1. At 0.36 nm per residue, minus the direct Cα-Cα distance, what do Val211 and Val187 gain on full extension? Give it in nm, one decimal, please.
2. Sorting check: for 168-179, 10-21, which peptide has the highest mean count of neighbouring beta carbons within 10 Å, and how do the rest follow?
3. Which value, in Å², gives the accessible area per residue of segment 198-252 when a 1.4 Å probe is used on the protein heavy atoms?
4. Checking the a/c ratio against 1.5 first, then a/b against b/c, what shape does the Cα gyration tensor give for segment 110-207?
5. Among residues other than Ala62 whose Cβ falls under 15 Å from its Cβ, what is the net charge (Lys/Arg +1, Asp/Glu -1)?
6. Any chance you could check the Cα centroid distance between segment 234-248 and segment 92-144 for me, in angstrom?
7. Any idea what the relative contact order of segment 178-252 is, in percent, if you count C-alpha pairs under 8 Å spaced at least 6 apart?
8. Counting pairs of alpha carbon atoms under 8 Å apart in space and at least six apart in sequence, what relative contact order in percent does the chain give?
Amino acid sequence: MLRPFLIAVQFLTSVPVRLPEVPGPADQARALLCYPLVGMAMGLTLALVGLALDAALPPMPAAALLLAVWVAASGALHLDGVADTADGWLGGGGDRARALRIMRDPHTGAAGAVALVVLLLAKFSALVGLLVADAWAVLIVAPLLGRAAMPVLLVTTPYLNARGLGAVMARHASRREALLVSAGAAVLALLAVGVTMGALAALLTVGVSSVAALAWRQGLMRWLGGTSGDTAGALLELVEVAALLAASAALN
C-alpha cells in the first residue's frame, strides 16, 4: 500500500518522492485509489499551518500565506489545468479539435489568466471567513473532496488521449473500488464537517461539491466528449473552491 500512496503523492503534490523504478500501469491504477488519502494528508497539513498562521497574524494575511502554502504544496499543477481549460473553452469557439490544440499550448492566454485570478480570489476570500470562524475541518475536507472527485471522473469518463496517463489508470483501475473509495471520502467529509460545524454545513459542503463535480463531467461530455489531464486538474480545483464557498455560506 505504501508504494501506490507514494506514487499518488508524487503525482498530486510537489513533495520530492523518489521511487526505485518507474511505476507500471497496475501501480498507477492502485495509486488512483490513494488520491483521497493524499488529499486528507494535505488537508491535515493545511489545517496545522492555518492554526499556526492564525495564532500569529490577522485573518487576511494569514489566509494569503495559507493559500500560498496550498498552491506550493500542489506545485500549481492543477491550476495549470484550470488555465489551459479556460483558454481552450474561450479560444475553441465550440470547435473540439481547436479547443484541444489550444489546451496543449504551454502558454497561458487571457481567459486562463482571468480564470486563475477569479479562482484564487474565491479561495482567498473563503479562507478569510473560515479562519475567523475557526472552521478547521473545512481545510481538511476541501483537498480530500477534490482528490476524491478525480478517480470518479477518470473511471466514468472517456479519456481523450488513449495513451495518456489518465487513460492508463482508467483501463487498469477497478471502477467499483474507485467509486467506493470516493464515496467513503464523501462520508468522512460529512462526518468531519458535521461534528464540528453542524449538519447543514456538512450537507452544503459535500452536496455543493458533488453537484459541481457532476455538472463539470456533464459539461465536459457535451463540450469535448471526454476528459483530459487539464480538465481533470480543473475539476480538482473546482471541487475545492466549491467546498470552501459552500462551507462559508453555511457560516452566515
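The values are calculated or read from the model by the stated rules, or taken from the named source; none is laboratory data. Fair warning: this is a prediction, and the values are worked out from it, not measured in the lab. All Cβ positions, glycine included, derive from the backbone under ideal geometry; neighbour counts span all protein chains shown. We work out accessible area using only protein heavy atoms, side chains counted, and drop any ligands, DNA or RNA first. Shrake-Rupley method; radii C 1.70, N 1.55, O 1.52, S 1.80 Å.
1. Details: separation 24, 0.36 × 24 = 8.64 nm, distance 1.52 nm.
Computed gain between Val211 and Val187 is 7.1 nm.
2. Working: 168-179: 17.3, 10-21: 13.3.
Descending mean neighbour count gives 168-179, 10-21.
3. I get 38 Å² per residue for segment 198-252.
4. oblate
5. Residues close to Ala62 contribute a combined charge of -1.
6. 9 Å
7. 35 percent
8. 26 percent
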